[in-house]
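Some notes on the structure that comes next.
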Amino acid sequence: MIRDPKDIKRYNASERANHWVVGISFILLALSGLAFFHPAFFPLTQFFGGPVWSRILHPYIGVLMATAFTVIFFRFRHLNKVTPIDIEWLKKAKNMVDGNDHDMPEQGKYNGGQKMMFWALAGCMLAMTLSGLLIWRAWFHFDITLVRLGAVVHAAAGVTMIGFIMVHVYAAIWVKGTIRAMWYGTVTRAWAKQHHRGWYRQITGK
Amino acid sequence: MALHSLDILRRSATTTPAPQARNPMEVAKLIDVSICIGCKACQVACSEWNELREEVGSCVGVYDNPTDLSAQAWTVMRFNEVEENGKLEWLIRKDGCMHCADPGCLKACPSPGAIIQYKNGIVDFHEENCIGCGYCVTGCPFNVPRISKDDGKAYKCSLCSDRVAVGQEPACVKTCPTGAIQFGSKEDMIDVANTRVADLKKRGYDQAGLYNPEGVGGTHVMYVLHHADRPELYNGLPVNPTISALVGLWKGFAKPLAMLSLGALALGSLFHYVTKGPNEVSKETENEIEKEDA
């Protein structure tokens, strides 16, 4: 596929691969997790070789996701510091969702919404990992009250995280020209200028 | 297992009603702690009938042997020495599944048909559907189910559902030499208990009573206790057992709320796209870039 050599690099290959590991493991975890959460989704266990295999595999995939996410977290943490401009952006986010992005403040590599998503997912991921360890009976035996708490927190954080990821995915579908950054790492200059003008200036010097 | 599928009252992780055409009577096992001599014949009978063989352990200084319930030990005698009214009392309680009317294990179980509650009150684990997640352990207020280290499946007393299905009493009842364990309709067992409690009261046990805790809707294994006001004396029998509020929150309210929220989010996103359209790069910005290139 021939692309414009003037396109801007947003993610390098290692960052993309890292994101895909998190993404794939998240999808597998969400499918198997929903199966344990509600009977309506129990048939999803068939994707994993049956219900018992789902139960066995789910926590190991969880460890993979937690590890890969930790790497992502430290990679992108410094780019997600919340600034006053982000707060201003968030206050106006309603207009943008409504279809009018003309008076949004200029944003760097990530806008206020993306930064909120970053920290929310980091929080969920931490809660998922800790509560998941509490209820992983193959390896751990914690006090029953902790296990009960773990089960509730795991379910609540899991559903919350699935919700956040739905927003994350939809935002990528909604903002045209975004998904290619996840596939091959580049975005067009027009895309960068429109959605992340501060970052565009920083990269191009314009 | 041997009970008919028409006799199912509730099935784990199933949201539609069970067959309701026939309604057999409720049964119960009554364990009279005041008559029990701690001979463990019931443990042996259980082991024999169900073909379970717990590994031979070692003496830990008390009579409890095996020291805990396991996949191979569905009932164990708990020996407690307490001082009451200036006298030593040896309280011996046969521990095992209580067959709750509102079973926490069944409520917590995510696998359809792994836990079955029959209309006669028996709560049975169907290991072929068990996925080994241990949620039943989380749900149980009596700390009864055990996950096997060999096969990762949950086990507990079945109240000999196979025997009961063909009109026999559970193996432990059949073998008890003192008549401390009785079996019959729940109604009859309550009558028997009341007679025993009246007798115990006459003999100075003012607080004697029947343990059939309301917090779990009553149980289909009941105890006659000499100190019914303090069930905790009997190796920590819970005073008012209920399904943990955490389990209630997790398995009750949270499930439909979460499903509705996620569904609404998915549909909301779709209709946002349809009504507002995609967020594309504006013609204005495109032109600016083109001008730069020219």
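I want to confirm something. Restricting to segment A:10-64 and keeping residues that are within 19 Å of the chain's Cα centre (by Cα) and not in a helix (DSSP H, G or I), which single residue is farthest from the other protein chains (Cβ to nearest Cβ)?
A:N12
Report yes if B:Q207 is more than 14 Å from every other protein chain (Cβ to nearest Cβ), touching a Leu at 6+ places or on another chain (Cβ under 6 Å) and at pLDDT 95 or above, otherwise no.
Against the criterion (more than 14 Å from every other protein chain (Cβ to nearest Cβ), touching a Leu at 6+ places or on another chain (Cβ under 6 Å) and at pLDDT 95 or above), B:Q207 does not qualify.
Hey, can you tell me all the residues within segment B:94-137 that are basic (K, R) and away from every other protein chain (no Cβ under 13 Å)?
B:K94, B:K119
As an exercise: evaluate B:G179 against (1) under 30 Å from A:G150 (Cβ atoms); (2) touching a residue at least 60 places away in the same chain (Cβ under 8 Å); (3) surrounded by fewer than 18 Cβ atoms within 10 Å (Cβ to Cβ) and give the number of the one condition it does not meet.
Evaluating B:G179 over (1) under 30 Å from A:G150 (Cβ atoms); (2) touching a residue at least 60 places away in the same chain (Cβ under 8 Å); (3) surrounded by fewer than 18 Cβ atoms within 10 Å (Cβ to Cβ) leaves (1) as the failure.
Conditions tested, residue by residue: (1) facing chain B (nearest Cβ under 10 Å); (2) at pLDDT 95 or above.
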{"residue": "A:W136", "(1), (2)": "yes, yes"}
{"residue": "A:F142", "(1), (2)": "no, yes"}
{"residue": "A:G158", "(1), (2)": "yes, yes"}
{"residue": "A:I162", "(1), (2)": "yes, yes"}
{"residue": "A:W174", "(1), (2)": "yes, yes"}
{"residue": "A:Q202", "(1), (2)": "no, no"}
{"residue": "A:K206", "(1), (2)": "yes, no"}
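Can you give me the ranges of the helices (runs of 4 or more DSSP H) entirely in segment A:82-170 with at least 2 residues that are in contact (Cβ under 8 Å) with a residue 24 or more places away in the chain?
Qualifying helices (runs of 4 or more DSSP H): A:84-91, A:112-134.
Listed residues B:E89, B:E54, B:E127; which is in contact (Cβ under 8 Å) with a residue 12 or more places away in the chain and in contact with a helix residue (DSSP H, G or I) (Cβ under 8 Å, 6 or more places away or on another chain)?
It is B:E54.
Looking at (1) surrounded by 15 or more Cβ atoms within 10 Å (Cβ to Cβ); (2) touching a helix residue (DSSP H, G or I) at 6+ places or on another chain (Cβ under 6 Å); (3) not in a helix (DSSP H, G or I), which is the only condition B:P19 fails?
(1)
When you scan segment B:152-164, do you find a residue that is surrounded by fewer than 21 Cβ atoms within 10 Å (Cβ to Cβ), under 10 Å from the mean Cα position of the chain (by Cα) and either not assigned by TED's automatic domain parsing to the domain that holds B:R22 or not small (G, A, S) (or both), even just one?
The answer is no, given that none of the residues of segment B:152-164 is surrounded by fewer than 21 Cβ atoms within 10 Å (Cβ to Cβ), under 10 Å from the mean Cα position of the chain (by Cα) and either not assigned by TED's automatic domain parsing to the domain that holds B:R22 or not small (G, A, S) (or both).
Taking the residues in segment A:28-80 that are of a type outside the set (A, V, I, L, M, F, W, C) and closer than 20 Å to A:W119 by Cβ as candidates, determine which candidate is surrounded by the most Cβ atoms within 10 Å (Cβ to Cβ).
So, considering only residues that are of a type outside the set (A, V, I, L, M, F, W, C) and closer than 20 Å to A:W119 by Cβ, the one surrounded by the most Cβ atoms within 10 Å (Cβ to Cβ) is A:N80.
Matching residues to (1) under 30 Å from A:L34 (Cβ atoms); (2) modelled with pLDDT under 95; (3) more than 7 Å from chain A (Cβ to nearest Cβ):
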| site | (1), (2), (3) |
| --- | --- |
| B:P241 | no, no, yes |
| B:F253 | yes, yes, yes |
| B:P256 | yes, yes, yes |
| B:L267 | yes, no, yes |
| B:L270 | yes, no, yes |
| B:K283 | no, yes, yes |
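Within segment A:21-58, restricting attention to residues that are aromatic (F, W, Y) and in contact (Cβ under 8 Å) with a residue 60 or more places away in the chain, which residue is nearest to B:L262 (Cα to Cα)?
Taking the candidates together, the pick is A:F37.
Can you name every residue in segment A:1-20 that is more than 23 Å from A:T204 (Cβ to Cβ) and crowded, with 17+ Cβ neighbours inside 10 Å?
Selection gives A:N18, A:H19.
Filter segment A:71-112 down to the residues that are within 14 Å of another protein chain (Cβ to nearest Cβ) and either farther than 24 Å from B:K283 by Cβ or basic (K, R) (or both) and list them by number.
Passing the criteria: only A:K94.
Can you work out which of the residues in segment A:134-190 that are of a type in the set (S, T, N, Q) and closer than 30 Å to B:V247 by Cα is surrounded by the fewest Cβ atoms within 10 Å (Cβ to Cβ)? Before you say what the answer is, go through the steps one by one.
Going through segment A:134-190, the residues of a type in the set (S, T, N, Q) turn out to be A:145, A:160, A:178, A:186, A:188.
If we keep only those that are closer than 30 Å to B:V247 by Cα as well, we get A:145, A:160.
On the way: A:T145: 11, A:T160: 19.
In this case the residue turns out to be A:T145.
The values are calculated or read from the model by the stated rules, or taken from the named source; none is laboratory data. Bear in mind that the values here come from a model prediction, so they are computed numbers and not experimental data. Cβ: placed from backbone, ideal geometry, glycine included. Neighbour counts: every protein chain shown.
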